[in-house]
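Peer 1: If you scroll down you'll find the structure; I have some questions about it.
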2 protein chains.
Amino acid sequence: MAEYKVPLRDMNFVLFDVFKAEQLWQDIPALAESVDKETADAILQECAKIAEQVIAPLSREGDEVGVSFDNGVVTTAPGYKEAFKTYAEGGWTALGGDPEYGGMGMPKMLTALHEEMLCAGDISFSLYPGLTAGAGLSLVKHGSEELKQRYLTRMYSGEWAGSMCLTEAHAGTDLGIIRTKAVANDSGSYNITGSKIFITGGEHDLTENIVHLVLAKLPDAPAGARGISLFVVPKFKVNEDESLGEANNVTCGSIEHKMGIHASSTCVINFDGAEGYLVGEINKGLACMFTMMNYERIGVGIQGLGAGERSYQNALEYAKDRIQGRSATGVKNPDKAADSIMVHADVRRMLLNMKALNEGNRALATYISMQLDLSKYATGEVQQKGDALTALMTPLAKAFFTDIGLENTIAGQQVFGGHGFIREWGQEQLVRDTRIAQIYEGTNGIQAMDLIGRKVAANKGQFMNIFVEEVREYISATSSAEMAEFIAPLTAAIDDLETLTAGILAAAANDQNELGSAATDYLHVFGYTALAYMWAKMAEASLDKADSDDFYKSKVLTARHYFARLLPRRISLAATALSGAEHLYNIEDDLF
Amino acid sequence: MAEYKVPLRDMNFVLFDVFKAEQLWQDIPALAESVDKETADAILQECAKIAEQVIAPLSREGDEVGVSFDNGVVTTAPGYKEAFKTYAEGGWTALGGDPEYGGMGMPKMLTALHEEMLCAGDISFSLYPGLTAGAGLSLVKHGSEELKQRYLTRMYSGEWAGSMCLTEAHAGTDLGIIRTKAVANDSGSYNITGSKIFITGGEHDLTENIVHLVLAKLPDAPAGARGISLFVVPKFKVNEDESLGEANNVTCGSIEHKMGIHASSTCVINFDGAEGYLVGEINKGLACMFTMMNYERIGVGIQGLGAGERSYQNALEYAKDRIQGRSATGVKNPDKAADSIMVHADVRRMLLNMKALNEGNRALATYISMQLDLSKYATGEVQQKGDALTALMTPLAKAFFTDIGLENTIAGQQVFGGHGFIREWGQEQLVRDTRIAQIYEGTNGIQAMDLIGRKVAANKGQFMNIFVEEVREYISATSSAEMAEFIAPLTAAIDDLETLTAGILAAAANDQNELGSAATDYLHVFGYTALAYMWAKMAEASLDKADSDDFYKSKVLTARHYFARLLPRRISLAATALSGAEHLYNIEDDLF
């Protein structure tokens, strides 16, 4: 497997050439204090070192050895403990945290790139700090001052980790039917009883304590999703003097054996009257959890991007080295018995698809992160627009990046031929590790329903109009002859997206099932259209330097590849999105 | 995991309702002797029992335990030896074999369905008899009478197995550069020396002998593919009295650790002056091997079909059992806490896509098998047409069925949600086992180049015209009002396929790289168009019975789903196939 090299130049390009992050940060007081270009560059460079030298080397052995379970005790794979220590001591667990509690307060535009590096290095490793950061977000927004002082500070320092305990055996997506109970006790806390499954990082040996965020229902809670509350349940209780106290009644019942991410512990966690502390208001737990989930979902999306980047780097190195056959247009390397497989159009197609999709998704991840930052730090209309676009694009980021992530890891594997199937090359691991990202944190089908249902239909397309309007303004403002080759297909794509949205909403007025019928295809149409916007912006930022600098030349040529070869995928998807729910429902269940 | 049930009704439908196999067999003297509907039904039923009761149960433990290697000795997974014995004793290793040497002489239309059952049961198991049957085909066509009497008879009886030894570490697809040497010795045989990798079934404990078919070069052979000869190299030599003699100089150096098919031994096989016997003529080995490969490639395609069917059955059972959320159009199951996930449009979409693609591919596999049978047993124009369509559709079968196989196993996994990622459910194994089928026996990119290059461009589209003409005749002959909904989109698809073919050939006249640039997308356009032809024929065979029989009703509704939801995929693929090779080559290797 090729050594992972963080694409720092491209990250820099996206941040500063395309999205003018420096200016953006200067304009927002809360960010101007904590970050500028120099700081950002230094952070990315230091993080790249950790990802390349500390995290990426864990991945192969982590896959082979995995986590082990013995009588409730979970032992992580070789090197994980030391690597986590190095990572935490470097301050990386605090990167996006609230400065009031010891965090560094870096914008999401920066932490998203940091997440990509971790995921490209080793998805399994990335999950431990990832879940901790996500749990921290819920706490910082909804936790009491006491909870924040007691727990959040130690999570930022990397002394303690976090987990999200939602799923139960009978209740995955459908949290309204969970059975875990919370009963108020005399001390003002709650006794939590129930069993959770699929808990990532639910138990491990990386930190001295684990802070579980647990969804449970009070005895008198309303049925369904409106009766769910959120609790902090630490593995070890914390004494008044802040020292670690006795073990809470939280045990790990078993760990799962999985297709991939072998080095991530996926646990059954049993709460047996464990002491828990309410986060936010009673029965409002789902909303508190969603604060975390919006961030996590983008993070899960970025797993697909990281794996896709790694796959591209591996496959490219292999393709350049491997000689097989001759070019269709004559021998290219007469000194060798065969040409490198880079001469074959289909190999170039696979590599360029990967490159164009990775770079497009990196830009889109940064764009969505920018909306999160604006939603959090800006004011007025800018803030409101950031809110809307964050809501709209969170399911897109989660599902589109991970679907493309799988495509890119499989394409990379295909470039390897037979060696792509052999474990020692490491390429097949990328496929297995990436596959989960389409499933957890809400399957991609659920994301598609969230997009078309809650984010589009529920507000009659208002959020989507905000996006369409922005792209139209960009199109109007971009009139140079050089840009016409990109602006014309972008215009067609945005027109068609608008038409498709209206068409689905009209169809759904007659049959609510039309939303579900269209959901997955619609999400992908949106994704390819959003990437067209990204690629137009990237081409624009590169055109005048393309003659003098190969980096920019490559950008322009990759943009052309995107428009020629990938954007047309939207056409068939739009056709099938509107093909009609009746075909799905006319056939009764017994006839399947 | 759901118990595997062979789709016997559908197999029967395709053979007898759609392709009128009974009449076809009666019309061909060589087949009329050996098979009729009654025999075929009995064979399918008996084979289904073996697949369901003997082979399918091997799969999970085979995956967990895998094959083991110790000092040259390969031990298969638990139960494989007994299962292979049962399988061979049932006569199944002889099913498609030449009756002159103890085979049963069954047509490919039947053996292909038998292969589907094996692959759905356990791809790893299917490979041992599959490779043996393939090796047998090369021998029966190109081997001397002595080789056939000595080796073929024992391969048909299941006493001995076969393997194909092509790939070397530096030479996968590019067989012209192999280094294995064959030197004539005094006894009229050859001494074979070299090392082969990725040899499926190269060593195992299922049979007392293994008959390797080995590609090697004579010392004075011309360079490249024109200097390759084919040899039989047995693991144990055979004495004059037909008893097993001394061990040949053939050893297994190691086995590979792979993403999937853990129970299939993938070996490094070292030949150290091993005794080998020429098959066919000197320097014509590649042609002899291709006899085998055409059959094997369809067989590999059928692995994708078998896995897709298994995935569908599993996912359907899971979807019916699993309750999550409520229907978009109101509660469907008020007695339970939630509705079954069958109420969700996106789940139905995934299941129906699987169903329509599996059933379409089963019909197409049978259609291509029919061409193989006509090519082998018919005479005159019918035989010639069979030859042409076999050549044209072999790469399609290999690549399209396996690409769709991966799609269908991944879709099934997605229906399972988190449980799809957990090993104990067995669904993730299908993904890992199926993935190799896109790679081995010539990667799907190679198949796509074979299609557009050798099978289309090399004869200026003549083979493709034969297919287009057949479909046009079918369209002309199918004028009922009921069929119009299927005939109209089929007509559009076949028109567009013809236009696309002409467009690519025209573009390639200016730039040979246009073939490679279009290859993969073109293969898929062909596949979806061929499936439209299959679905029209299946709808036609079902329409008049749809009111009285749920099987036929389901067929008609699934046909509608295919035309509404899957055939439109061809539109984007056609657009990208013609997007221009310049986008792939303008970007120099250093700019990737």
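Just so it is clear, none of the values below were taken in a lab; they were calculated from the coordinates. Remember, it's a predicted structure, so these values are computed and weren't measured experimentally. Here the Cβ positions follow ideal geometry from the backbone for every residue, glycine too, while neighbour counts run over all protein chains shown.
Peer 1: If Lys and Arg each add +1 and Asp and Glu each add -1, what is the summed charge of the other residues whose beta carbon sits under 12 Å from the beta carbon of A:ARG322?
Peer 2: -2
Peer 1: Could you pull the Rg and Dmax for the stretch A:249-407, using just the Cα atoms, both in Å?
Peer 2: Spelled out, the Cα radius of gyration and Dmax of the stretch A:249-407 are 23.2, 74 Å.
Peer 1: A:ASP220 label points, 7 Å along Cα→Cβ, one per copy: pairwise distances from this copy to the rest in nm, shortest first?
Peer 2: 10.2
Peer 1: For the stretch B:398-547, what class follows from the C-alpha gyration tensor (a ≥ b ≥ c being the square roots of its eigenvalues): rounded when a/c is under 1.5, otherwise prolate if a/b is larger than b/c, else oblate?
Peer 2: The shape class here is oblate.
Peer 1: Hey, can you grab everything whose amide H is under 5 Å from the amide H of B:ALA184? Only 5+ residues off in sequence or another chain; H modelled, so Pro and N-termini drop out.
Peer 2: Answer set, sorted by chain and number: B:ASN191.
Peer 1: Provide the three semi-axes, in whole Å and in decreasing order, of the ellipsoid equivalent to the stretch A:476-592 as defined by the square roots of 5 times the Cα gyration tensor eigenvalues.
Peer 2: 38, 14, 8
Peer 1: How far apart are the B:LYS85 label points across copies, placing each 7 Å from Cα toward Cβ, in nm, shortest first?
Peer 2: In nanometres, ordered from closest: 5.5.
Peer 1: Let me ask another. Let me know the mean shielding of B:336-347 by other chains, meaning the per-residue number of their Cβ atoms within 10 Å of its Cβ.
Peer 2: Going residue by residue through B:336-347 and averaging, the value is 6.
Peer 1: Can you pull the Kirkwood radius for the stretch A:281-323, inverse mean 1/r over Cα pairs, to one decimal in Å?
Peer 2: The answer is 13.0 Å.
Peer 1: Let me ask another. Between B:LYS376 and the same site in the other copies, what are the distances in nm, shortest first, taking label points 7 Å from Cα along the C-beta direction?
Peer 2: 6.6
Peer 1: Per-residue HN-Hα couplings for the stretch A:65-73, Karplus 6.51 cos²θ - 1.76 cosθ + 1.60 at θ = phi - 60°, whole Hz, x for Gly and Pro?
Peer 2: 8, x, 7, 10, 10, 9, 6, x, 9
Peer 1: Also, I was wondering about something else. How tilted is helix A:484-510 with respect to the longest principal axis of chain A? Cα atoms for both, answer in degrees (0 to 90, nearest 10).
Peer 2: 50
Peer 1: Quick one: Cα centre-to-centre distance for the stretch B:1-56 and the stretch A:407-445, in angstrom?
Peer 2: Between the Cα centres of the stretch B:1-56 and the stretch A:407-445 lies a distance of 37 Å.
Peer 1: Along its three principal axes, how long is the stretch B:1-101 when you only count alpha carbons? Whole Å, largest extent first please.
Peer 2: Over the stretch B:1-101, Cα extents along the principal axes are 54, 38, 17 Å.
Peer 1: Can you sort A:VAL18, A:VAL456 from fewest to most other Cβ atoms within 10 Å of each residue's own Cβ?
Peer 2: A:VAL18, A:VAL456
Peer 1: Using the Kirkwood radius over C-alpha pairs as Rh, can you work out the diffusion coefficient of the stretch A:53-156 via Stokes-Einstein at 37 °C, viscosity 0.692 mPa s, in µm² per second?
Peer 2: 224
Peer 1: Give me the three principal axis extents of the stretch B:397-480 from the C-alpha atoms, as integers in angstrom, largest value leading.
Peer 2: Principal-axis extents of the Cα atoms in the stretch B:397-480, largest first: 50, 39, 13 Å.
Peer 1: While we're looking at this one, here's another question. Name the chymotrypsin sites (Phe, Trp or Tyr not before Pro) in the stretch A:491-559 that are in a loop by DSSP and that have at most 16 other C-beta atoms within 10 Å, would you?
Peer 2: none
Peer 1: Let me ask something else. What FRET efficiency do you get for A:GLU208 and A:GLU61 if R0 is 25 Å and r is their Cβ-Cβ distance, rounded to the nearest 0.05?
Peer 2: Calculated transfer efficiency: 0.55.
Peer 1: So how far, in whole Å, is the C-alpha centre of the stretch B:550-592 from the one of the stretch A:173-206?
Peer 2: When both Cα centres are located, 46 Å separates them.
Peer 1: Could you work out the helix-only [θ] at 222 nm for the protein assembly as shown, with each DSSP H run of four or more residues adding -39,500 (n - 2.57) and the total divided by the number of residues, to the nearest 500 deg cm²/dmol?
Peer 2: -17000 deg cm²/dmol
Peer 1: Explain nothing, just the number: relative contact order of chain A, from Cα pairs under 8 Å at least 6 residues apart, as a whole percent.
Peer 2: 12
Peer 1: Let me ask something else about it. Sticking to Cα atoms, compute the Rg of the protein assembly as shown to one decimal and its Dmax as the biggest Cα-Cα distance, whole number, in Å.
Peer 2: Spelled out, the Cα radius of gyration and Dmax of the protein assembly as shown are 30.3, 97 Å.
Peer 1: What's the average, rounded to a whole number, of partner chain beta-carbon atoms within 10 Å of each residue's beta-carbon in B:548-554?
Peer 2: 2
Peer 1: If you average 1/r across every pair of different Cα atoms in the stretch A:441-517 and take the reciprocal, what Kirkwood value do you get, in Å?
Peer 2: 13.9 Å is the Kirkwood radius here.
Peer 1: With +1 on the Cβ of every Lys and Arg and -1 on the Cβ of every Asp and Glu, and nothing else charged, how large is the dipole of the stretch A:368-511 about its Cα centre, in debye rounded to the nearest 20?
Peer 2: Charge dipole, the stretch A:368-511, about its Cα centre: 460 debye, nearest 20.
Peer 1: For B:ASP70, what charge total do you get from the other residues with a beta carbon under 13 Å from its beta carbon, if Lys and Arg give +1 and Asp and Glu give -1?
Peer 2: For residues surrounding B:ASP70, the net value is -2.
Peer 1: On to the next question. For chain B, find the longest principal axis of its Cα atoms and tell me its angle to the long axis of helix B:380-416, 0 to 90°, nearest 10.
Peer 2: Helix B:380-416 sits at roughly 70 degrees to that axis.
Peer 1: Shifting gears a bit: What is the Å³ per residue value for the convex hull set by the Cα atoms of the stretch A:139-279?
Peer 2: 116
Peer 1: Could you quickly flag the chain A residue whose beta carbon comes closest to the rotation axis taking A to B, and that distance in whole angstrom?
Peer 2: Closest Cβ to the A-to-B rotation axis, residue and whole-Å distance: A:SER572, 2.
Peer 1: Over the Cα atoms of chain A, each weighted equally, I'd like the Debye log10 I(q)/I(0) at q = 0.09, 0.12 Å⁻¹, rounded to two decimals.
Peer 2: -0.71, -1.27
Peer 1: Let me ask something else about it. Between A:ARG454 and A:GLU381, what's the calculated FRET efficiency when r is the beta-carbon distance and R0 is 30 Å? Round to 0.05.
Peer 2: My answer for the efficiency is 0.85.
Peer 1: At q = 0.21 Å⁻¹, what base-10 log of I(q)/I(0) does the Debye formula yield for the stretch B:39-80 when every alpha carbon is treated as an equal point scatterer in vacuo?
Peer 2: Taking Cα atoms of the stretch B:39-80 as identical point scatterers yields -0.69.
Peer 1: Averaged over B:416-428, how many beta carbons belonging to a partner chain fall within 10 Å of each residue's beta carbon?
Peer 2: 5
Peer 1: Expressed as an acute angle from 0 to 90° and rounded to the nearest 10, what is the orientation of the C-alpha long axis of helix B:462-477 relative to the principal long axis of chain B?
Peer 2: The angle comes out at about 30 degrees.
Peer 1: Semi-axes of the stretch B:164-235's equivalent ellipsoid from the Cα gyration tensor, sqrt of 5 times each eigenvalue, largest first, rounded to whole Å?
Peer 2: Here the semi-axes work out to 21, 17, 8 Å.
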